[in-house]
1. Quick one: what pairs do we get from the stretch 94-114, first residue surrounded by 11 or more Cβ atoms within 10 Å (Cβ to Cβ), second assigned to a loop (DSSP other than H, G, I, E, B), C-beta under 9 Å, 6+ apart or different chains?
2. Could you run through the stretch 55-76 and say how many residues are aromatic (Phe, Trp, Tyr) and surrounded by 10 or more Cβ atoms within 10 Å (Cβ to Cβ)?
3. Can you find even one residue in the stretch 152-169 that is among the acidic types (Asp, Glu), under 48 Å from the mean Cα position of the chain (by Cα) and modelled with pLDDT under 85?
4. Just to be sure I understand, how many residues within the stretch 3-24 are modelled with pLDDT of 80 or more and open to solvent by 80 Å² or more (accessible area, probe 1.4 Å)?
Amino acid sequence: MASDRFSTAARLKAIGQEAHARVYRAAAARRPARPGRLTGRAALLALVLCALVIALAYPTRQYIAQRSDIADQRREAQQAKKKVEQLREEKARWQDPEYVRTQARKQLHYVMPGEDGYSVAAPTPSAGAAGGRNRSAGTPGDAGGQAAAAAHRPWYANLWDGVDHADAAADPGR
């Protein structure tokens, strides 16, 4: 019977030691390893990440700039295609003899044989159109004297005289 007790006591002692070991491990697992400390592995990882960011920053910036340049070039190519198409249309219009005649009449003031051409000259200001102002140099018919006088007056006086002349030409009853 002593052997039964001994074996039971030994078993209880072994169970107690196992329980004590389990409690110790559970308490160790709940405790943080090193609070607030930077480990060597974490420092190396941070250093590698910083090196990668620095190494990839310039190529990434270049890539983005090149993509932007490509987009600009494509836009310019589209505009050039539109311009080429407009010029082709204009060339086709200039192949039409009627269009050429119309443009010659409009821009070069050509007339067809048998037609009479007229051109209207701008009216010259008369002595009464000066608005009764007294000119300092020359008579109203003396263009050289007026030009010399205009060169020595301030710009706003010349501007106002131009407005007066235009108003007088538009309103002959004045």
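The values are calculated or read from the model by the stated rules, or taken from the named source; none is laboratory data. All of these numbers come straight from a predicted model, not from anything done at the bench. Cβ atoms come from the backbone with ideal geometry, glycine included; neighbour counts cover every protein chain shown. Just the protein is used for accessible areas: all its heavy atoms, side chains included, with ligands, DNA and RNA removed. Shrake-Rupley method; radii C 1.70, N 1.55, O 1.52, S 1.80 Å.
1. Close Cβ pairs satisfying both conditions: 101/110; 101/112; 104/110; 105/111; 105/112; 110/117; 111/117.
2. At the first step, the residues of the stretch 55-76 found to be aromatic (Phe, Trp, Tyr) are 58, 63.
Okay, now just the ones that are also surrounded by 10 or more Cβ atoms within 10 Å (Cβ to Cβ), so 63.
Qualifying residue count, the stretch 55-76: 1.
3. To start, the set of residues in the stretch 152-169 that are among the acidic types (Asp, Glu) comprises 161, 164, 167.
So of that shortlist, the ones also under 48 Å from the mean Cα position of the chain (by Cα) come out as 161, 164, 167.
This time we only want the ones that are modelled with pLDDT under 85, so: 167.
Checking the stretch 152-169: at least one residue is among the acidic types (Asp, Glu), under 48 Å from the mean Cα position of the chain (by Cα) and modelled with pLDDT under 85.
4. Result for the stretch 3-24: 10.
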